[in-house]
Every structure is written in C-alpha cells, then in structure tokens.
Amino acid sequence: MTNAAVHVEGQQPSLHIHVHEALASGATQAKGQQHPIKLYLVVWGWLFVLSTCSYLVDYFGIHGYLRPSLILLFMVLKAGLIVAVFMHMAWERLALAYAILLPPVLVLVFVAIMVFESDYTHLLRVLFFAPPT
Amino acid sequence: MAETALTNTATSITRPAGWRGIAADWSSDQRAFKNVSWGKAMMWIFLLSDTFIFSCFLLSYMTARMSTTVPWPNPSEVFALTIGDRKIPLILIAIMTFILISSSGTMAMAVNFGYRRDRTKTAALMLATAAFGATFVGMQAFEWTKLIMEGVRPWGNPWGAPQFGSSFFMITGFHGTHVTIGVIFLIAIARKVWRGDFDVERRGFFTSRRGYYEIVEITGLYWHFVDLVWVFIFAFFYLW
C-alpha cells in the first residue's frame, strides 16, 4: 500500500509537465482517427435520407417482392455507413476488419437452416393441427 | 512497464496488402491486431459476441413468425399513433429511429473532438448523445405502456399469433437495456473527459491504469453498435 502511494507521489511533478506537453501538442497534432467533421455530417444526412426512405416503404404500403427488397437494401446501406464511417472500420487494420466482419456473415447459414426448419414445422401444423372444417 | 508494452500501438509493422497481410498478422507471434490497442480490439470482440446474441433473438422471431399458422399482427397498424384525428402508421418508431441516428451523429463528432483534445466540446457532445439515448428509452417505455394497456402479453395479444408479444418484449427489451447501459457508460466517460482525466493521464480508480482519449472512441463503438442493432430491428420487426 505505502509503496504504491510513494510511487504516485513521485510521479506528481512529471504529471504536470505532461499536462503542458499535452496542451501544447494538442493544438498542432492529434493522435488517433482524424477525419473532417464534414464527413460525419454527410453520413448523418445520408442516414436520415435512408431512414426516411425505409419509413416511406411502410407509409405508402408497398407490397410484393419490392417491399422486402427495398427494406433490405436500405438496411444494408445504413448498416454499412455506420460500421464503415462512424465505427471507423474503413480505416482499421485489415486483420481486425476481417476478424470482426466475417463471422456475422456465417449467421446466414443459421438463417438458411431455420428457414427450412420453420417451413417443415409449418407444414406439419397445417397437415395435423388444422382446425376441422 | 507492462502497461506501455500493452498499449503502445505507435509502431505499425508494414505488411503486404490484402489476404497476404492478414495471414502475416495472424501467423506472427503474440498479437494479431498489430496497431490496434487492446481496448479497442476487446470492445470489437465483445460487440461481435453481442451480434450473435441479437442474431439469435431475430432468428427465433423469424422462426416463430414463419412457422405459425395464425396470422401475424400487422406492425404497421399495431404501432400506429393517432395524432390530431389522423392515424399515422409507425410514426413513433420512425421518430425513435431518427433520435437514435442523431445520437450516433453527435457521438461520432465527440470522438473527433476527443482526439483533438477539445475537452469541453467532447464532454458536451457525449452528454447530448446520452440525452438522445435517454429520450429513446423514454419513448420505448411509452410504447411498452401503450401495448400493455391494449392487452399485449408475452403469451398472447388481441390481434393474432401469440408469439408476437414474446418476440416484441424480448427483442426491444434487450435493445432498450443496451441503450440504458450505453447512457450510463456515456455519462461516466463524459465526467472523466470534463474533469480532464485524459489530459493529465490520471489513473482510473478501478484499473489504476492511465486513461487516454481513445476511451471516447471505444465508448462510441458501443454506442454505434446499439444504433446498428436498431437498424436491423427496425427493418425486420417493424417494417417486414
């Protein structure tokens, strides 16, 4: 315990030097992800436009194959913008990007399995549990 | 000293582009994500596991909806609100979507100002994000109240397939919990930014490690993920 306290106290002077260094360097150079604010505002605007579009799909009651295709299109575009720009995945090291982005794609296999499974369940329900007519 | 070794990501080893680079990173010793700090990599891995949790919820919803012989309640009508004397479909959900997107916008800008070491703007934008998030949770509470008053229960509802209630409460409830945790996380980090913890590299009371402005970006990753999940819930549960 006492050791730690001494350690922290010993660091106090250097801490203050650090502050001045940080404040001095902060104005001129910044670490980490740096992109113009305008980029975020443009993406923000596009997300608003895409959300409005997907809401209008429901508002105008579009039906048939067009409905799921439009919903999926706007969904994928919105998700892509958020992950690529807001979460900075477009600028991350490729080893991380692939490690994170590939596994969720495999969920599609699970989707396919469950589509077959629910079709089968639905068939059984129609065949054996339909109310007598 | 171990701390420096773990968080020093300044040296980035050059690799060939594409798959060869990925193979070189993964087959090297010790760390696969060379210039990515452990904090950011761990948040991404947590978000990946959370993706699987939400995938399972949406998949079980899909299975229930596809296999039922009873018609599924029409979400366009269930979530309609009467404003004035017009019934507008899904309007509350649309407003909630715009609020969450706006919160993502302010969060992205907070990360940017954080790396520029602009303490005041970063904290203010993070608190704005938290306020948007709290508004979202409030509107969700209103939506839940409305549906419960109309007789929606996890085991049944007045309009059709009984699985509608359980899917709805499970999916939106879990998402709302994530938003709530995000608001708490944002306020906690905004307080540290405001106090200048990351300018003086003050040690955290829990981890006794020095904090960096990168924590703003890591908080942002979590927050954008919450928005990302809502994109999928909005498409699959409310619009489909």
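Observations on the structure shown:
- Test: residue A:50 is under 30 Å from residue B:113 (Cβ atoms), in a helix (DSSP H, G or I) and modelled with pLDDT of 90 or more: yes
- Scan segment A:47-70 for residues that are closer than 23 Å to residue B:223 by Cα, surrounded by 14 or more Cβ atoms within 10 Å (Cβ to Cβ) and not hydroxyl-bearing (Ser, Thr, Tyr) and the total you get is 3.
- Residue selection: residue A:62 fails the criterion of being among the β-branched types (Val, Ile, Thr) and within 15 Å of the chain's Cα centre (by Cα).
- Conditions (1) within 7 Å of chain B (Cβ to nearest Cβ); (2) under 24 Å from residue B:235 (Cα atoms); (3) not charged (D, E, K, R); number of the one not met by residue A:94: (2)
- Leading residue by the ranking (farthest from residue B:129 (Cα to Cα)) among those in segment B:175-200 that are basic (Lys, Arg) and exposed (fewer than 15 other Cβ atoms within 10 Å of the Cβ): B:195
- All of A:85, A:111 fail the test of being more than 7 Å from chain B (Cβ to nearest Cβ) and within 23 Å of the chain's Cα centre (by Cα), apart from A:85.
- Note on segment B:161-198: among residues that are free of Cβ contacts under 8 Å to residues at least 40 places away in the same chain, closer than 30 Å to residue B:240 by Cα and hydrophobic (A, V, I, L, M, F, W, C), the one that is farthest from the other protein chains (Cβ to nearest Cβ) is B:169.
- Taking the criterion of being crowded, with 16+ Cβ neighbours inside 10 Å and either assigned to a loop (DSSP other than H, G, I, E, B) or not hydrophobic (A, V, I, L, M, F, W, C) (or both), the residues of segment B:36-64 that qualify are B:36, B:37, B:39, B:40, B:50, B:51, B:55, B:60, B:61, B:63.
- Counting the residues of segment B:149-161 that are under 16 Å from residue B:81 (Cβ atoms) and loosely packed, with under 15 Cβ neighbours inside 10 Å gives 2.
- When we screen B:114, B:138, B:151 for residues that are in contact (Cβ under 8 Å) with a residue 40 or more places away in the chain and farther than 22 Å from residue A:49 by Cβ, the only hit is B:114.
- Single residue of B:95, B:91, B:53, B:83 found to be of a type in the set (Val, Ile, Thr) and modelled with pLDDT of 95 or more: B:53
Table: residues versus (1) more than 10 Å from every other protein chain (Cβ to nearest Cβ); (2) touching a residue at least 40 places away in the same chain (Cβ under 8 Å).
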| site | (1), (2) |
| --- | --- |
| B:200 | no, no |
| B:203 | no, no |
| B:209 | yes, yes |
| B:212 | no, yes |
| B:216 | no, yes |
| B:219 | yes, yes |
| B:224 | no, yes |
| B:234 | no, yes |
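- Candidates B:154, B:162, B:158, filtered to the one that is in contact with a strand residue (DSSP E or B) (Cβ under 7 Å, 6 or more places away or on another chain) and not basic (Lys, Arg): B:162
- Of the residues in segment B:102-109, none is more than 22 Å from residue A:42 (Cβ to Cβ) and in contact with a Ser or Thr (Cβ under 8 Å, 6 or more places away or on another chain).
Yes/no per residue for (1) crowded, with 16+ Cβ neighbours inside 10 Å; (2) outside any helix (DSSP H, G or I); (3) more than 9 Å from chain A (Cβ to nearest Cβ); (4) not small (Gly, Ala, Ser):
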position: B:77; (1), (2), (3), (4): no, no, yes, yes
position: B:95; (1), (2), (3), (4): no, no, yes, yes
position: B:114; (1), (2), (3), (4): yes, no, no, no
position: B:133; (1), (2), (3), (4): yes, no, yes, no
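The values are calculated or read from the model by the stated rules, or taken from the named source; none is laboratory data. The structure displayed is predicted, hence computed values, not measured ones. Note: ideal-geometry Cβ built from the backbone for every residue, glycine included; neighbour counts use all protein chains shown.
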